[in-house]
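Novice: Quick one: this structure, given as structure tokens, is what I'll be asking you about.
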Amino acid sequence: MNRPRLRAVFALSLLATALLSIVPGHLLAQPVASEASKPDAEKSAPGSEWMRFAEDDKGKPLGMQTAVVRYEGPLAEGGPNVIVDLIGAVHVGDAGYYEQLNKLFEQYDTLLYELVAPKGTIVEKGTKASNRHALGAMQNGMKNMLALEHQLEQIDYTKSNFVHADMSPDEFLSTMKSRDESFLKLYFRVMGESLAAQSNASRKGDTGEADMIKAMFAKPEDRSRQLKIAMAKQMTTLGDMFTTLGGEQGTTIINGRNEAAFKVLREQLAAGRVKIGVFYGAGHLDDMHKRLKKDFGLEPKSVTWLTAWDLSE
């Protein structure tokens, strides 16, 4: 596979991972970690990084990890201390990753989750991504190729503390239209950003082709792990592009949906909930981090890393 084609595959895979949760529920549905082992000096400040490729001190891959960042503080002087955790998500991962998340979610008064779907949609336990939609089919292909599990199949959305915090399809499409946005435009912007990022990496001698070739020639029993290593490096390298695509005005897929999510967050805080989790794709969290600091006066206090893809031998 030549270099341009490899880059196109990486960009398309990243786009599919970021966009999966915006597909309307009726299209998606068919009937039915631990702290990183890096030294403390290498750990990033809470809220500065949402996904990373972790290695041991000998440079051997440990895993692709997502952040859980805790924000604390009173909303008003003399008011009670509130806790809001931003929980980064990837939409295909190890079964153990989703087991950890399901246990984590039990501790919150309210767990806000993303999914562009009609109001009142209930995500039944074990819901599968449909192959009838291109993005769902691509995600199922990634799941099978990388020997991973799908988020919709593993997360229990029926828990009583789960609250939908996203746009409806009509709201989403209307907002995109008002901003003169489209999925096709977004795709080409993502492709351009990814090619530029990989060109910069190539100049530094850090390309993904070697990892992909290594995966292709790996022993059958190790091939899925090598493919995950190649893909994880690309995803953690390119993952920040969604926070910068919209410039100052932002995009519907990130900023517009975050506004909808934080409207629900305000409602839950007003109702007296003091410990809230926000479970959203990692590309959303940089903007949410800024909103929590500016609009709510909350500060990041700690970060925990969960291993979404185990890459160890």
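Okay, residues lined up against (1) open to solvent by 10 Å² or more (accessible area, probe 1.4 Å); (2) of a type in the set (A, V, I, L, M); (3) modelled with pLDDT under 90:
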site: Leu27; (1), (2), (3): yes, yes, yes
site: Gly59; (1), (2), (3): yes, no, yes
site: Gly78; (1), (2), (3): yes, no, yes
site: Ile87; (1), (2), (3): no, yes, no
site: Val90; (1), (2), (3): no, yes, yes
site: Asp94; (1), (2), (3): yes, no, no
site: Lys103; (1), (2), (3): yes, no, no
site: Tyr113; (1), (2), (3): yes, no, no
site: Lys128; (1), (2), (3): yes, no, yes
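Novice: On to the next question. Counting only residues that are of a type in the set (S, T, N, Q) and touching an Asp or Glu at 6+ places or on another chain (Cβ under 7 Å), which one in segment 69-115 is nearest to Pro46 (Cα to Cα)?
Specialist: Asn81
Novice: Within the group Val23, Val9, Val69, which residue is open to solvent by less than 60 Å² (accessible area, probe 1.4 Å), at pLDDT 80 or above and closer than 30 Å to Arg257 by Cβ?
Specialist: Working: Val23 fails: at pLDDT 80 or above; Val9 fails: at pLDDT 80 or above.
Of Val23, Val9, Val69, the one residue that is open to solvent by less than 60 Å² (accessible area, probe 1.4 Å), at pLDDT 80 or above and closer than 30 Å to Arg257 by Cβ is Val69.
Novice: When the residues of segment 266-285 are filtered to those that are assigned to a helix (DSSP H, G or I) and touching a helix residue (DSSP H, G or I) at 6+ places or on another chain (Cβ under 9 Å), which remaining residue is surrounded by the fewest Cβ atoms within 10 Å (Cβ to Cβ)?
Specialist: The extreme case among them is Arg266.
Novice: Could you tell me which residue of segment 115-126 is farthest from Gln151 (Cα to Cα), considering only residues that are surrounded by 15 or more Cβ atoms within 10 Å (Cβ to Cβ) and of a type in the set (Val, Ile, Thr)?
Specialist: Thr121
Novice: While we're looking at this one, here's another question. Restricting attention to strands (runs of 3 or more DSSP E) lying wholly within segment 40-106, give those where 1 or more residues are more than 18 Å from Met288 (Cα to Cα) and of a type in the set (Gly, Ala, Ser). Before you say what the answer is, go through the steps one by one.
Specialist: Values: elements: 51-55, 61-74, 81-89.
Answer list for segment 40-106: 51-55, 61-74.
Novice: Something else about it: For the structure I just gave you, tell me whether Met288 is of a type outside the set (S, T, N, Q), open to solvent by less than 30 Å² (accessible area, probe 1.4 Å) and at pLDDT below 85. Quick ask: steps written out before the conclusion?
Specialist: Working: of a type outside the set (S, T, N, Q): yes; open to solvent by less than 30 Å² (accessible area, probe 1.4 Å): yes; at pLDDT below 85: no.
Spelling it out, it is not the case that Met288 is of a type outside the set (S, T, N, Q), open to solvent by less than 30 Å² (accessible area, probe 1.4 Å) and at pLDDT below 85.
Novice: Residues in segment 303-313 that are touching a Pro at 6+ places or on another chain (Cβ under 6 Å) and either open to solvent by 50 Å² or more (accessible area, probe 1.4 Å) or not in a strand (DSSP E or B) (or both): how many?
Specialist: Number satisfying all stated conditions: 1.
Novice: How many residues does segment 217-265 contain that are modelled with pLDDT under 65, open to solvent by 30 Å² or more (accessible area, probe 1.4 Å) and not in a helix (DSSP H, G or I)?
Specialist: Total meeting the criteria: 4.
Novice: Residue under question is Thr158, and the condition is that it be open to solvent by less than 80 Å² (accessible area, probe 1.4 Å), modelled with pLDDT of 90 or more, in a helix (DSSP H, G or I) and not hydrophobic (A, V, I, L, M, F, W, C); does it hold?
Specialist: no
The values are calculated or read from the model by the stated rules, or taken from the named source; none is laboratory data. Predicted, not measured: the structure shown is a model, and the values here were computed from it. No Cβ is skipped: glycine too gets one built from the backbone with ideal geometry, and neighbour counts run over all protein chains shown. These area figures cover heavy atoms from the full protein model, side chains too; ligands, DNA and RNA do not enter into them. Shrake-Rupley method; radii C 1.70, N 1.55, O 1.52, S 1.80 Å.
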